[in-house]
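Chemist: Pasting a structure below so you can have a look.
The values are calculated or read from the model by the stated rules, or taken from the named source; none is laboratory data. All of these numbers come straight from a predicted model, not from anything done at the bench. Cβ: placed from backbone, ideal geometry, glycine included. Neighbour counts: every protein chain shown. These area figures cover heavy atoms from the full protein model, side chains too; ligands, DNA and RNA do not enter into them. Shrake-Rupley method; radii C 1.70, N 1.55, O 1.52, S 1.80 Å.
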Amino acid sequence: MVMRLNKYLSGQGVASRREADRLIADGLISVNGEVITEMGVKIDPRKDKVTINDEVIKRQEELIYIALNKPSGYVTSVKRTRVEKRIVMDLIGIEERVYPVGRLDKDTTGLLLLTNDGTLTFKLTHPSAECPKEYEVTVKGFIKNEQILKLEKGVKLWGEKTKKTHVNKIATNKMRIILTEGKNRQIRRICQKVGLPVKQLKRIRIKKLRLGTLPVGKWRYLKKEEVEALKQ
């Protein structure tokens, strides 16, 4: 990622861009041991060593936010095992380390957020956040109104009742479910409990972040306004 030297200095908190230009003009900034006095010089922060008065400027970690349309058959993990050889990280082609926010099970597809922002990860995954996540669920059989009511009121799992959900039936065998908690394989388990075995499960939204038209297996960086909405 190539950028102008003054922008890099500003981003690292060394000085404003105007002040950075003065430092450069005064010959106080070096790149890879060479004093830089010209304006507009570009650097690659991943490769180039920048110093001010011979003191190395340590690069602050750039925060990265990625939306992935996870395909079926991939495990939400950063480490592969002998058993599970296909992991979601195989689909992300960047050098920086990012981590999945929460999990989608192996057979579930759809929106998966990955980031190196630990603060945001905690905010989205902590139970007290009650972060809304929306899923498109295709089931075996026909969905009945009484089954929807049971799902909306909450279903007992492991002796505990799940939180109320919002269910929107969109076809005879398809519905959208909004959860504000994330128990292990929750949607598959609660649907099974009311007699609706899940055939296909896709997450389409996390808070205001939507999967949209992102193709299966592809990823993109989040826009600034999308990140801000997730942080709210």
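Chemist: Could you check the simple spin-label distance between MET39 and ASN184, using points 7 Å along Cα→Cβ, in nm with one decimal?
Modeler: Taking the two extended label points, one gets 6.1 nm.
Chemist: Treat every Asp and Glu Cβ in region 1-91 as -1 and every Lys and Arg Cβ as +1, leave all other atoms uncharged, and give the resulting dipole magnitude about the Cα centre to the nearest 20 debye.
Modeler: It comes to approximately 720 debye.
Chemist: Net charge near GLU38, counting Lys/Arg +1 and Asp/Glu -1 over other residues with Cβ under 13 Å of its Cβ?
Modeler: -1
Chemist: Between LYS199 and LYS153, what FRET efficiency comes out of the Förster formula 1/(1 + (r/R0)^6) with R0 = 25 Å and r the beta carbon distance, rounded to 0.05?
Modeler: Given R0 = 25 Å and the Cβ-Cβ separation, E is 0.60.
Chemist: To continue, here is another question. Give the ranking of SER16, SER128 by solvent-accessible surface, highest area first, calculated with a 1.4 Å probe.
Modeler: So the residues, ranked largest to smallest area, are SER128, SER16.
Chemist: For the chain, what is the convex hull volume of its Cα atoms per residue in Å³?
Modeler: Dividing the Cα hull volume of the chain by its residues yields 152 Å³.
Chemist: State the extension gain, in nm to one decimal, for the chain segment bounded by ASN145 and ALA25, taking 0.36 nm per residue of separation less the distance between their alpha-carbons.
Modeler: 35.9 nm
Chemist: Averaging the inverse of every distinct alpha carbon separation and then flipping it gives the Kirkwood radius. What is it for region 44-151, in angstrom units?
Modeler: Taking every pair of different Cα atoms in region 44-151, averaging 1/r and inverting gives 17.3 Å.
Chemist: For SER128 and SER72, what is the calculated FRET efficiency with R₀ set at 35 Å and r taken between the beta-carbons, to the nearest 0.05?
Modeler: 0.65
Chemist: If you don't mind, another one. Connecting C-alpha atoms closer than 10 Å in a GNM of the chain, tell me which of ILE190, ILE64, ILE52 has the biggest fluctuation.
Modeler: With Cα springs under 10 Å in the chain, the top fluctuation among ILE190, ILE64, ILE52 is at ILE52.
Chemist: Determine the dipole magnitude for region 46-109: charges of +1 sit on the beta-carbon of Lys and Arg, -1 on that of Asp and Glu, nothing else is charged, the reference point is the Cα centre, and the result goes in debye to the nearest 20.
Modeler: The calculated dipole for region 46-109 is roughly 380 debye.
Chemist: Ok, one more. Sort the following peptides by mean Cβ neighbour count (other Cβ atoms within 10 Å, averaged over residues), highest first: 92-100, 30-38, 173-181.
Modeler: 173-181, 92-100, 30-38
Chemist: Next up: To the nearest 20 Debye, how big is the dipole of the chain about its Cα centre, given +1 on the beta carbon of each Lys and Arg and -1 on that of each Asp and Glu?
Modeler: In total the dipole reaches around 1940 debye.
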